[in-house]
Amino acid sequence: MRSSAVLSVLSTLALVSAQTGKLGDAPVVTNNPIGASYYATLPNKESESVRGTVYVVSSPTGKGVDFDITLSGLPAEGGPFLYHIHTAPVPPDGNCTGTLAHLDPYVRGEDPPCDPTQKQTCQVGDLSGKYGKINGTTFSAAYTDLYASLVIGTGAYFGNRSVVVHYANKTRITCANFTTIATGYETPVPNPGPSGVPVPPSNATLATASGIATGPTSSGASGSATATPPSPSLPMATTNAAAAGLWVSSGAMLAGLVAMVL
């Protein structure tokens, strides 16, 4: 039954795509890796007047992405300004046209314009369409976008893409690539203790003074091991035997001497 339902959904999406080219609304991303974070620093070229940072981090619950944006030095004319996540990174020559189109994995397109009350119907990368255009020469904003992804390999993932700022007529002003701070998939590293020595995870168990060490059980194991004293080495055993033989021989000689006297 599940297979039939999946096939039905896929058939519907294929029909919609064939008729309109669209793949439907953007789904809410609920599995962003915890701790994933990226940033983009504007401008990508010193000749640009715009300065600022777009900092992003996965929501603490993994649902959506938190954006923190600060910009300054925007032109005095030509606004309100737009900004979007674009599909491709900025090329080595810094030409913002090389970033291609807006991030739009569900083939929504730019027309009609984004309705900010229906964000799931907008292009994933249309940040100013969903959260407001830039008015003035400075700008700051903080919000959570539920449809952007930091899950590597998904269509809405943007950690390897770019952000572009536009004039109102869509001419590109400046752009910058997102840089990885953490993907969220890194292996955790133990936190250093007060002396700088790494502190083991809370579920780790150290050997006790009694010589008994416990730890996670493996298949078929009891999960504990008792340290037993080592068996005496062969040289020690030989020495003890020799001493015992000498004592017996000395006793026999003494008994013989007593018998002779008597």
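The values are calculated or read from the model by the stated rules, or taken from the named source; none is laboratory data. Predicted model only: the values in this text are computed from it and were never measured. Because the Cβ atoms are built from the backbone with ideal geometry, glycine has one as well, and the counts that use them run over all protein chains shown. The accessibility values were calculated without ligands, DNA or RNA, using every heavy atom of the protein model including side chains. Shrake-Rupley method; radii C 1.70, N 1.55, O 1.52, S 1.80 Å.
One residue is enough: does segment 34-52 have a residue meeting the conditions touching a helix residue (DSSP H, G or I) at 6+ places or on another chain (Cβ under 9 Å) and open to solvent by 10 Å² or more (accessible area, probe 1.4 Å)?
Yes, because at least one residue in segment 34-52 is touching a helix residue (DSSP H, G or I) at 6+ places or on another chain (Cβ under 9 Å) and open to solvent by 10 Å² or more (accessible area, probe 1.4 Å).
Please go through segment 81-115 and pick out each residue that is closer than 26 Å to GLY136 by Cβ and either touching a strand residue (DSSP E or B) at 6+ places or on another chain (Cβ under 6 Å) or in a strand (DSSP E or B) (or both). Outline the logic, then answer.
Kept after step one, since they are closer than 26 Å to GLY136 by Cβ, are these residues of segment 81-115: 81-86, 90, 94, 96-97, 99, 102-103, 110, 113-115.
Once the filter is applied, which keeps residues that are closer than 26 Å to GLY136 by Cβ and either touching a strand residue (DSSP E or B) at 6+ places or on another chain (Cβ under 6 Å) or in a strand (DSSP E or B) (or both), segment 81-115 yields PHE81, LEU82, TYR83, HIS84, ILE85, HIS86, VAL90, CYS96, THR99, HIS102, LEU103.
With the requirement that a residue be modelled with pLDDT under 95 and of a type in the set (D, E, K, R), what does segment 91-105 give you?
Answer for segment 91-105, where residues must be modelled with pLDDT under 95 and of a type in the set (D, E, K, R): just ASP93.
Considering only segment 53-71, how many residues are open to solvent by 50 Å² or more (accessible area, probe 1.4 Å) and part of a strand (DSSP E or B)? Walk me through it before giving the result.
First, pick out the residues of segment 53-71 that are open to solvent by 50 Å² or more (accessible area, probe 1.4 Å): 53, 55, 60-61, 63, 68, 70.
Narrowing further to those that are part of a strand (DSSP E or B): 53, 55, 68, 70.
Residues meeting the conditions: 4.
Considering only segment 132-188, state which residues are assigned to a strand (DSSP E or B) and either open to solvent by 40 Å² or more (accessible area, probe 1.4 Å) or charged (D, E, K, R) (or both).
Filtering segment 132-188 for residues assigned to a strand (DSSP E or B) gives 134, 139-145, 149, 157, 162-166, 172-177, 179-182.
If the condition is that a residue be assigned to a strand (DSSP E or B) and either open to solvent by 40 Å² or more (accessible area, probe 1.4 Å) or charged (D, E, K, R) (or both), then SER140, ALA142, THR144, ASP145, ARG172, ASN177, THR179, THR180, ILE181 are the ones that fit.
Within segment 73-90, identify whether any single residue is at pLDDT 95 or above, among the hydroxyl-bearing types (Ser, Thr, Tyr) and surrounded by 14 or more Cβ atoms within 10 Å (Cβ to Cβ), and answer yes or no.
Looking for residues that are at pLDDT 95 or above, among the hydroxyl-bearing types (Ser, Thr, Tyr) and surrounded by 14 or more Cβ atoms within 10 Å (Cβ to Cβ), one finds at least one in segment 73-90, hence yes.
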